[in-house]
Amino acid sequence: MTRENVLALLSGVLFGAGLAISGMIDPARVRAFLDVTGNWDPTLGFVMGGALLPMAVAWQVAKRLRKPLVSNDFHLPSTSDVDWRLISGAAIFGIGWGLAGICPGPGIAALAVQPMSALLFVLAMAAGMRLHSFIFSARSLSRA
């Protein structure tokens, strides 16, 4: 296993542990955060806000580095225009998050803590990703 893979694995384990410890793998807590007119639970907002400080520091450190510590190049996201795929994907994500109370990161982290309840979500997520890949690869082939 390469240094990069070990660091990625450790980062993922740390992220998953943070989600589990903070209670963010509990769908009821997430739905309570989204229920702003009912029994609102601001906990998730504090978790998100708490992530801003280390991320701001990381961006400042990255700006000063010539190259990453464990890779040859930075792999930063490119800027893209807002289009129908972005809007529809965000809408589907938001609706699913609101209904299920769980999103990909916490869903995968929940596999370690409550595997049976998380497994259905993760399988459905994988099926949706595969369906998306199939639809858009078929579209690109038909245009060629």
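The values are calculated or read from the model by the stated rules, or taken from the named source; none is laboratory data. Predicted model only: the values in this text are computed from it and were never measured. We place every Cβ from the backbone using ideal geometry, glycine too, and count neighbours over all the protein chains shown.
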Name the residues in segment 1-53 that are surrounded by 15 or more Cβ atoms within 10 Å (Cβ to Cβ) and small (Gly, Ala, Ser), would you? Gly16, Gly18, Ala20, Ser22, Gly23, Ala32
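Could you tell me which of the residues Trp59, Trp40 is among the aromatic types (Phe, Trp, Tyr) and either at pLDDT below 90 or on the phi > 0 side of the Ramachandran plot (or both)? Outline the logic, then answer.
Numbers: Trp40 fails: either at pLDDT below 90 or on the phi > 0 side of the Ramachandran plot (or both).
Selected residue: Trp59, the only one of Trp59, Trp40 that is among the aromatic types (Phe, Trp, Tyr) and either at pLDDT below 90 or on the phi > 0 side of the Ramachandran plot (or both).
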In segment 50-70, is there at least one residue being within 20 Å of the chain's Cα centre (by Cα) and within 24 Å of Ala112 (Cα to Cα)? yes
Here is a list of conditions, (1) in contact with a His (Cβ under 9 Å, 6 or more places away or on another chain); (2) more than 25 Å from Met24 (Cα to Cα), and Arg85 meets all of them except one; can you say which number that is? (1)
Check off (1) closer than 26 Å to Ala8 by Cβ; (2) at pLDDT below 90; (3) among the charged types (D, E, K, R) for Asp81 and give me the number that stays unchecked. (1)
List pairs: first in segment 60-75 and surrounded by 10 or more Cβ atoms within 10 Å (Cβ to Cβ), second outside any loop (DSSP other than H, G, I, E, B) and of a type in the set (Asp, Glu), Cβ under 7 Å, 6+ apart or cross-chain? Val70/Glu4; Ser71/Glu4
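Does Gly98 meet the test of being touching a residue at least 24 places away in the same chain (Cβ under 8 Å), within 17 Å of the chain's Cα centre (by Cα), under 19 Å from Val13 (Cα atoms) and in a helix (DSSP H, G or I)?
no
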When you scan segment 103-126, do you find a residue that is surrounded by 10 or more Cβ atoms within 10 Å (Cβ to Cβ), outside any helix (DSSP H, G or I), more than 16 Å from the chain's Cα centre (by Cα) and not hydroxyl-bearing (Ser, Thr, Tyr), even just one? yes
